[in-house]
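A.B. asks: One structure follows; several queries about it will come next.
Please treat every number below as a calculation from the coordinates, not as lab data. Only a predicted model underlies this, so the values are computations on that prediction, with no experimental measurement involved. Backbone-built Cβ (ideal geometry, glycine too); neighbour counts: all protein chains shown.
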Amino acid sequence: MTGAGSEGHLHCVQRSEGGLHCPSASALLAEIADIGCDRRRGGYSRHVFDGAERELRGWFADHAARLGLDTETDRNGNVWAWWGTPGPGAVVTGSHLDSVPGGGAFDGPLGVASALTAVGALRARGGTPARPLAVVVFAEEEGGRFGVPCLGSRLLTGAIDAEAARNLRDPEGVTFAEAARAAGLDPARIGPDPEALGRIGTFVELHVEQGRGLIDLGSPVAVGSTVIAHGRWRFTFTGQGNHAGATPLSDRRDPMLPAAATVAAVRRLAAGVPDARATVGRLVPSPGGTNVIASTVDLWLDARVPGGGTQALVDDITAAARAAAADEGCALTVRQESCSDTVAFDDRLRAELGGLLGGVPELATGAGHDAAILAPHVPSAMLYVRNPTGVSHAPEEHAEPADVERGAAALTDVLEHLCR
Ligand code: GLV
Ligand code: MN
Ligand code: MN
């Protein structure tokens with residue numbers, strides 16, 4: 001292990017009596033505050049393999065090197081920084097650096113920054129972990145570019161077919177295979193990675209809380225209990241593109257009408273299912289001119305129902321969309337883009353971490369995470385840090401510096417405990 005932290009890096013890494021340590025998680029987040037700012041939408045737009053996300057990967061690799069970690073990128077674009085020889089039984093922590101369009105500063109980067117800070121704190125405490133320890137940055141957690149959330153962890157675990165993943169397209173028509181090649185990966189090697197998966201003994205992801213749970217509980221930190229089932233569906237309505245002035249209303253087949261009816265049906269039908277969440281956050285008419293009746297409208301549905309009710313809700317929404325399309329003489333195709341079952345994190349690990357952290361509460365979430373993709377394969381856990389706005393996937397997402405440091409300290413204790 002190289003002792004990084006040359007004189008040139010002293011702004012970032014200080015030497016303490018125990019060895020190298022990293023800046024606080026808040027200071028790390030401040031370092032990346034200008035990367036990927038979205039001047040049009042507000043917040044951050046950092047998408048897998050784009051300029052901002054690659055800059056963040058570089059920032060991560062620099063800090064990992066200064067901590068003496070050895071960094072490698074796996075066949076699916078996930079980055080691993082190792083303390084000790086990579087091998088089975090490793091304790092792994094981390095999160096992601098990509099964002100939703102116009103997202104907040106904490107969703108993803110908080111987990112990565114806290115992991116670096118925690119490793120720095122462990123280094124400063126001295127000693128070497130009895131197990132290999134790694135920080136991982138997963139690729140395309142939000143699905144903000146290629147549409148499938150947690151793409152890097154799904155590929156790692158085989159939860160998505162490799163060929164299907166290679167053929168995913170971003171809004172510009174670039175395939176995941178092409179973007180991966182441009183980022184230096186071999187597209188032929190994209191796919192399940194049993195060796196990388198087999199090294200993970202335990203996975204812990206720290207994440208900003210994405211709702212009001214910890215405000216209501218009055219606690220800065222919680223341990224994750226469950227993640228509700230969630231999926232994405234793409235509805236394409238096809239009508240007849242035409243002139244907005246020259247086409248009488250009676251002569252139109254306007255796909256915007258069934259799309260609008262579907263948006264309303266999503267809210268109405270979801271309201272009838274206990275605890276369901278269903279959202280249309282993206283609607284794209286083509287060609288998209290003010291004086292042009294659209295020829296097609298693509299509408300993306302995000303649906304999440306605790307337990308097993310997601311497909312039944314989507315079936316009802318699909319029936320409403322088909323009826324609205326028929327009324328306007330339009331065609332409809334519906335394609336599922338992703339789907340994940342409800343996940344309960346490992347009972348034993350949850351109880352162990354809750355006890356270690358002094359009895360912090362457990363929290364269920366409606367947000368998806370890489371930890372939930374890993375959970376069926378390896379014991380996995382999550383730590384949440386309070387978000388005083390209760391807002392996420394928006395610029396208002398926040399965590400107070402004191403809570404950020406409490407989260408990083410909790411992660412440090414958890415990693416130290418797991419590495420024994
Ligand atoms: C990711 O945060 C999601 O839940 O969509
Ligand atoms: Mn998110
Ligand atoms: Mn996230």
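A.B. asks: Test of the criteria: in segment 96-172, which GluC sites (Glu not before Pro) are in a DSSP loop and have at most 14 other Cβ atoms within 10 angstrom of their Cβ? Before the final figure, lay out each step's value.
C.D. replies: On the way: sites: 140, 141, 142, 163, 172; in loops: 140, 141, 142, 172.
Answer in residue order: 172.
A.B. asks: Another question, then. To the nearest Å, what is the center-to-center distance of segment 52-96 and segment 318-392, using C-alpha atoms only?
C.D. replies: Here the answer is 25 Å between Cα centres.
A.B. asks: May I pose another question? Calculate the spin-label point distance for residue 417 paired with residue 125, positioning each point 7 Å from the Cα along the beta-carbon direction, and give it in nanometres.
C.D. replies: 1.1
A.B. asks: Distance in nm between label sites at residue 346 and residue 267, each 7 Å beyond Cα in the beta-carbon direction?
C.D. replies: 4.3
A.B. asks: What's the exposure ranking of 382, 256, going from fewest to most Cβ atoms within 10 Å?
C.D. replies: So the residues, fewest neighbours to most, are 256, 382.
A.B. asks: Go ahead and set up a Gaussian network model of the chain, Cα springs under 10 Å, then flag whichever of 173, 84, 94 fluctuates most.
C.D. replies: Result: 173 has the largest fluctuation of those listed.
A.B. asks: Calculate, in nm to one decimal, what residue 164 and residue 41 gain on full extension: separation in residues at 0.36 nm each, minus their alpha carbon distance.
C.D. replies: Result for the pair: 41.2 nm of gain on full extension.
A.B. asks: Under a 5 Å amide H to amide H cut-off, with H placed in plane at 1.01 Å, what residues pair with residue 362 once short-range neighbours are removed?
C.D. replies: Residues meeting the amide H criterion: 223.
A.B. asks: Summing -39500 (n - 2.57) over the DSSP H runs of n ≥ 4 in the chain and dividing by its residue number, what mean residue ellipticity at 222 nm do you reach, to the nearest 500 deg cm²/dmol?
C.D. replies: Computed mean residue ellipticity for the chain: -9500 deg cm²/dmol.
A.B. asks: For the pair residue 174/residue 188, report the inter-label distance in nm, with labels modelled 7 Å from Cα in the Cβ direction.
C.D. replies: Result: 2.3 nm between the two label points.
A.B. asks: I'd like the orientation of helix 51-66 relative to the chain: the angle between its Cα long axis and the longest Cα principal axis, in ° from 0 to 90, rounded to 10.
C.D. replies: On a 0 to 90 degree scale, this one is about 10.
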